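The structure appears below as structure tokens.
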Amino acid sequence: MIVHFLSTIAGNVPNICLSTYSWLADTKQRKASLLPFAAAGIACFIALSTGCGGSPAKIADVGDSDPTPPPPDQHSMVVPTYHNDNSRSGVNTQETKLTPAGVNLVSFGRKAVVPVEGAIFAQPLYIDGVTMTDGKTHDLVVVATEHNQVYAIDADTYQIMWQRNFLGSQGLVKTAQDLFCGETFNSEIGITGTPVIDPSSETVYMVAVTKDMVGGQPQFAQTLYALRLKDGQNSVAPATISTPSGSQFGTATFDPLLNFQRAALLLANGNVYVSWASHCEAHAGWLMAFNATTLRLSSAWAPDPSGMLGGIWMAGGGPSADADGNIFLAVGNGWSDAQSGGTDYGDTVVRLRDSGNIITVADYFMPYDWEKLYDDDLDVGSGTPVLLPSQPGTAHPNLLITGDKEGNLYLLDRDNMGQWHPDNDDQVVQHFQIQSTGVMNTPVFWNNTLYYGLMLLPVQSFAYDPASQTINTTPLSASPTSLWYPGVFPSLSANNGSDAILWAVENPTTDPPSSLILRAFDASDLSTELYNSEMSPGRDSAGHALRFTVPTVANGQVFVGARDELDIYGVL
């Protein structure tokens, strides 16, 4: 009782001292028992004395050259893209404020709730030291929602610095009203794919879906924007996305209603790469590259140009890229004939090269039983390929890890991916079935350890042996409890090689009114759960649950996107 009382005081001090607006906006907090004024005053005094802390441009042709590379950015802490970096590692090794010793019920918890309009399926992004229009520098969290809203939030005061509204004249795409299949991903579709930040130009790129009325009929559009972080205004005219021209795309077309911009954006090779699957599995997937300076379409690729599928889903993750500009992604279910010289790459992991005006497949891996995966909707595009750090002097210096909905993991050589063999997958570096219910997650790889949070299983760690270049299939450690659908998409924070914490956001049920649960584990031994947000629900409960939520850890705080709110956790 005493510990709970003291932790409740600690939980309210930051909200009272730093963010009265967020505290008042939190209905859970208002319902909690009121603290004695004397205790709150003393706590606040102690905390303060110790430092509480233009018109869219139609896109129809291909051919822009890459711009001159920008100068290196000067920001010291940035999470500019999905899962931290273009390798999609999910790792922040510059975290000095969050340690296993300090993350516990008494000293760690929810510091603020920032209300937003719409569900946050995109991962929150972070960048420090941005000079805003007030002439001051601010550490920012950038949040995009399904209600077509983008926010820049001060990470220290929790004040909304600017907000952009991208609603069309007829509101949003409504899944029940506008989609013939009654898809239930979310009741409305606005900004789904995680944006990407260019720290050097202090620009954030994102795609919004809009709905207008023309001649009495609904007209849908998807538009790529480049927003200045200092004020949220357009840095260049936005670009309306349409079908690229070129015979290499076969019969594939782009439909602004049916093409679903689910995957995170990628910034590489001077381009912003945007990829699509499709609602209702009724349209062809796409990858398009837009010049980061002009937003003109420079190149594109259709994974299934002779079919209607080949969606790029990856559970919300984005294409990966290495230092040489190679792009890696997993294509979901669709027809495959690449193994016989064709151009269809359904159920395939690909390595792509972008020459500046055309994207081509340089190599690929296709499971031997791809047709079964296709027939049973067990595609390999159910998670993001994570690139392992390069290991010069080994047999396979460049590796990636990914999985499929049949429960298999594939460790692939990025330089020689294996293509297709008719009888088995023994040509790849390693493959094994990790579970029978499917892999719909993006893992973390750090310090020769692979971390997966699969549904109906505990969060598990697996040792990677650099000598044999294989993963030990027996878990090193596991969390005390198992996870519900679809599992978790973890992030890891560490201070270089020490004080590593694995963070995960769990959707505890399939019922949307349930609260997300933020969990923190000692990364060296996952059986030690340091903290979870339901240990003190009155103080720390997160917002309503969403699927595929990725926690963002930066500069001593953890940012969790939920339905209609951003929850911010840290040392109290």
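Since every read-out is calculated from the coordinates, none of them should be taken as a lab result. Owing to the predicted nature of the structure, the values given are computational and were not obtained by experimental measurement. Quick reminder, even Gly has a Cβ in these numbers, built from the backbone with ideal geometry, and neighbours come from all protein chains shown.
Rank these for me by crowding, Leu266, Leu456, going from fewest to most other beta carbons within 10 Å.
Arranged by neighbour count, lowest to highest, Leu266, Leu456 become Leu456, Leu266.
Return the distance in nm (one decimal) between the two label points of a simple spin-label model at Asp212 and Leu476, each offset 7 Å from Cα along Cα→Cβ.
5.4 nm
In debye to the nearest 20, how big a dipole does region 56-571 give about its Cα centre with +1 on each Lys and Arg Cβ and -1 on each Asp and Glu Cβ?
1100 debye
Taking the Cα centre of the chain as the origin and placing charges on Cβ (Lys, Arg +1; Asp, Glu -1), which of Val173, Gly325, Gln557 is farthest toward the positive end of the dipole?
Towards the positive end, the residue furthest out is Gln557.
Working out 0.36 nm times the residue gap between Cys181 and Lys97, then minus their Cα-Cα distance, what length gain in nm do you get to one decimal?
Extra length available between Cys181 and Lys97 comes to 25.5 nm.
Helix-only estimate, please: 222 nm mean residue ellipticity of the chain, summing -39500 (n - 2.57) across DSSP H runs of length 4 or more and dividing by its residues, to the nearest 500.
Calculated at 222 nm, the ellipticity per residue is -2500 deg cm²/dmol.
Asn416 to Asn357: FRET efficiency via 1/(1 + (r/R0)^6), r the Cβ-Cβ distance, R0 22 Å, to the nearest 0.05?
0.25
Counting other beta carbons within 10 Å of each residue's own, what order do Phe328, Phe180 fall into, fewest first?
Least crowded to most crowded, the residues run Phe180, Phe328.
Taking the Cβ of Pro486 as the centre, find all other residues whose Cβ is under 11 Å away and add up their charges (Lys, Arg: +1; Asp, Glu: -1).
Taking every Cβ under 11 Å from that of Pro486, the sum is +1.
Give, as a single signed number, the net charge of other residues whose beta carbon lies under 13 Å from the beta carbon of Trp301, with Lys and Arg counted +1 and Asp and Glu -1.
Net of charged neighbours comes to -1.
Test of understanding: ordering Cys280, Cys181 by Cβ neighbours within 10 Å, fewest first, what list do you get?
The order, fewest Cβ neighbours first, is Cys181, Cys280.
As an exercise, use a Förster radius of 51 Å and the Cβ-Cβ distance of Ser245 and Val106 to find the FRET efficiency, rounded to the nearest 0.05.
0.25
Taking Lys230 as the anchor, which aspartates and glutamates have their alpha carbon closer than 20 Å to its alpha carbon, excluding any fewer than eight residues away along the same chain?
Output for Lys230: Asp73, Asp128, Asp134, Asp139, Asp154, Asp156, Asp198, Glu202.
Say the dipole of the chain comes from +1 at the beta carbon of Lys and Arg and -1 at that of Asp and Glu; which of Ala264, Gly570, Leu287 then lies farthest toward its positive end?
Projecting each Cα onto the dipole axis, the largest value belongs to Gly570.
Karplus couplings for region 299-312 from phi (6.51 cos²θ - 1.76 cosθ + 1.60, θ = phi - 60°), rounded to Hz, Gly and Pro as x?
So the Karplus estimates, Gly and Pro as x, are 6, 7, 8, 10, x, 9, x, 9, x, 10, 10, x, x, 9 Hz.
Give the residues of region 93-133 whose amide nitrogen is closer than 18 Å to a point set 7 Å from the Cα of Glu534 in the direction of its Cβ.
105, 109-110
Quick query: amide H of Leu566 versus all other amide H atoms, modeled in the peptide plane; which residues come in under 5 Å with a sequence gap of 5 or more or a different chain?
Close amide H contacts, sequence-distant or interchain: Val114, Val116.
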